C-alpha cells in the first residue's frame, strides 16, 4: 500500500538515508545532554518506514553514552553508572528534496 508503514529490511537499515537518520538521532541525544555526553549506536533492534514527501522512519535502538564532562550532574544525565545499555525509540523524517537536505528527528528513552 503506497504511503503505508512497512518493516525495514536489513538492506534498508544499511542504506545511506537510514544511516543519516540514525546519526541525526544520536546527535540529538548529545544535544539534549547539554554537552555532558556523546552517544554511540550499539544496535538497531527493529524499524519501519513510510514514503510520504520524503521518507519517515521509526526504530528502536540500543545506544551507549560516553561521559564528556566530570560535572557531577552529567553522570546522572548520561546514565553513566548504569550497567544496562539504554533502549531508545526514535523517529525521523528525511526530506531529500529540501535545500539543504533536511532530517527532523525525535528520540526518547523507553
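Nothing in this text is a laboratory measurement; each read-out follows from the coordinates by a stated rule. These figures come from a predicted structure and were not determined experimentally. Backbone-built Cβ (ideal geometry, glycine too); neighbour counts: all protein chains shown.
Exposure proxy shown here: for 93, 59, 5, the number of other Cβ atoms within 10 Å sets the order, fewest to most, as 5, 93, 59.
Expressed as a fraction of 2.2 N^0.38 Å, the value expected for a compact globular protein of N residues, the C-alpha radius of gyration of the chain is 1.14.
Under the criterion of Cα pairs below 8 Å and six or more residues apart, the relative contact order for region 6-109 equals 27 percent. Angle, helix 16-32 long axis vs. longest principal axis of the chain, Cα atoms, 0 to 90°, nearest 10? Long axis of 16-32 versus the principal axis of the chain: about 30 degrees.
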